[in-house]
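Read through the structure below, which is laid out as structure tokens, and then see the notes.
The values are calculated or read from the model by the stated rules, or taken from the named source; none is laboratory data. All of these numbers come straight from a predicted model, not from anything done at the bench. Glycine also receives a Cβ, built like all others from the backbone with ideal geometry; neighbour counts cover every protein chain displayed.
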Amino acid sequence: MISVEEAWSLIRSAAQPLPSERRSLAGALGSVLAEDVIAPVDLPPFDNSAMDGYALRSSDTQVACAEQPVQLTIAGEVAAGGWQETPVASGTAVKIMTGAALPSGADAVLMLEAGRLRGDVVEVREPVPRGTHIRRRGEDVRRGDVLLTAGLRLNVQRLGLLANSGISTVGVHRAPRVSLVATGSELVTDGQALRPGQIYDSNRIVLRTLVQQTGSACEDLGVTPDDPSAIAQRLREGLGADVLLISGGVSVGAHDHVKEVLRDLGMDTLFWRVAMKPGKPILCGRRGATWVFGLPGNPISCVVGFLAFIEPLLRRLQGEAQAQPRYGTARLTASVRKKDDRRHFMTARMAPSPDGWLEAAPTARQGSAMMHALAQADGFVVVPETCAELAAGDVVQVLLFKE
């Protein structure tokens, strides 16, 4: 049995990003860049007005005041998308809209509200310094600059920058393909009536949703009974994916066949059993390029194992080179205790306190099959191996469902 840190270290050291592909911006949200993106144009691409107003020569306004306003003759108008070839001459101004290209000869813009229009003349009542309300070419980005670096995940802000730069496709790491199998002769799906000894399967919907939230694709291969032949047939189907997730059948019971089946299918084991509760029997291995995880059948065990090991692995496969489990810190609202020397993960509600701290309130019930507690939780309070009790008010480590 190894520690949580040792298990994650084994995964982290072997994880490599998946190959890259090109995607349109419309299909790239959430993807991770496989290469630096270089700016193909200046941003803005030309000097332009930051305001609706009047483009003028600042030197014409130096003597302007309220008592003796300077009068400039309107010599044209430029809207966004338009262009004026004729330079702005001394004694004239050009009406200009926000984002419109600054005509040559002009070096400032008088805000519309600051000028008084009288027929074809605008009155200027104070000096307008050179550069006023002008956005200069390249002041945001210069052509050849690195817009975004490899390893960044594309969010709406970054997609906006790429679109603004005229970029239509990007090189990103492809999304992992995950296959999912649940094992257990006791499992019933689709709301069928339960017979004595049966339970409804919840692990597939939970794991499938967790996988999809990472931006990975998930193929649900359904439920298979605790029969070695049936399990082997289903796992062969799943081994074509980048990651195969199996819930149930990885402990030491007489009907836990998953480890032996995977061994016969050629999987190399990285680890089996981690000093954690819940989730101790977790299995991790590789078969060729495919990652394989056997998760205990208890639902909370599945979730903890996914958040601690699988979710950060999927992010690394997507190209997020520094991805780690989503640990944070919080202030405990009630004391918790444990009796063994494993690391415990306890379901807890997380909420900000008035003083700015994230507070963790452990759910009333704790246990690896407590689905109602899981439904109330935003994460898990982590109780270290060497600690028997944490007191209310202690600052503790927490494992979160999301950032």
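Some points to look at:
- Leu295 being under 19 Å from Gly222 (Cβ atoms), free of Cβ contacts under 8 Å to residues at least 40 places away in the same chain and crowded, with 19+ Cβ neighbours inside 10 Å: no
- Applying the set (1) in a loop (DSSP other than H, G, I, E, B); (2) closer than 14 Å to Ala150 by Cα to Val41 leaves exactly one unmet item: (2).
- Residue in the stretch 6-15 that is in contact with a Lys or Arg (Cβ under 9 Å, 6 or more places away or on another chain), part of a loop (DSSP other than H, G, I, E, B) and of a type outside the set (A, V, I, L, M) present: no
- Whichever residue in the stretch 350-403 is more than 22 Å from Ile310 (Cα to Cα) and among the charged types (D, E, K, R) and, among such residues, is surrounded by the fewest Cβ atoms within 10 Å (Cβ to Cβ): Asp355
- Only a single item in (1) in contact with a strand residue (DSSP E or B) (Cβ under 9 Å, 6 or more places away or on another chain); (2) under 30 Å from Gln213 (Cα atoms) is not met by Gln16, and it is number (1).
- Candidates Val128, Val122, filtered to the one that is crowded, with 17+ Cβ neighbours inside 10 Å, out of contact with any helix residue (DSSP H, G or I) (no Cβ under 6 Å at 6 or more places or on another chain) and in the same structural domain as Glu67 (by TED's automatic domain parsing): Val122
- The one condition in (1) touching a helix residue (DSSP H, G or I) at 6+ places or on another chain (Cβ under 6 Å); (2) part of a loop (DSSP other than H, G, I, E, B); (3) crowded, with 17+ Cβ neighbours inside 10 Å that Glu320 fails to fulfil: (1)
- Total residues in the stretch 146-178, condition touching a residue at least 60 places away in the same chain (Cβ under 8 Å), more than 21 Å from Asn298 (Cβ to Cβ) and either among the hydroxyl-bearing types (Ser, Thr, Tyr) or touching a strand residue (DSSP E or B) at 6+ places or on another chain (Cβ under 8 Å) (or both): 23
- Yes/no for Gly166 being on the phi > 0 side of the Ramachandran plot, not basic (Lys, Arg), not in a helix (DSSP H, G or I) and not assigned by TED's automatic domain parsing to the domain that holds Ala241: yes
- Flag for Ala55 being buried (at least 20 other Cβ atoms within 10 Å of the Cβ), of a type outside the set (Ser, Thr, Tyr), more than 30 Å from Arg118 (Cβ to Cβ) and at pLDDT 95 or above: no
- When residues of the stretch 174-197 are limited to those that are surrounded by 14 or more Cβ atoms within 10 Å (Cβ to Cβ) and assigned to a loop (DSSP other than H, G, I, E, B), the one nearest to the chain's Cα centre (by Cα): Ala175
- Any hit, the stretch 315-326, residues being closer than 26 Å to Leu262 by Cα, under 26 Å from the mean Cα position of the chain (by Cα) and of a type in the set (A, V, I, L, M, F, W, C): yes
- Within the stretch 45-70, residues that are farther than 27 Å from Asp140 by Cβ reach partners that are among the acidic types (Asp, Glu) and buried (at least 20 other Cβ atoms within 10 Å of the Cβ) with beta carbons closer than 9 Å, at six or more positions or on different chains, in the pairs Val70/Asp60.
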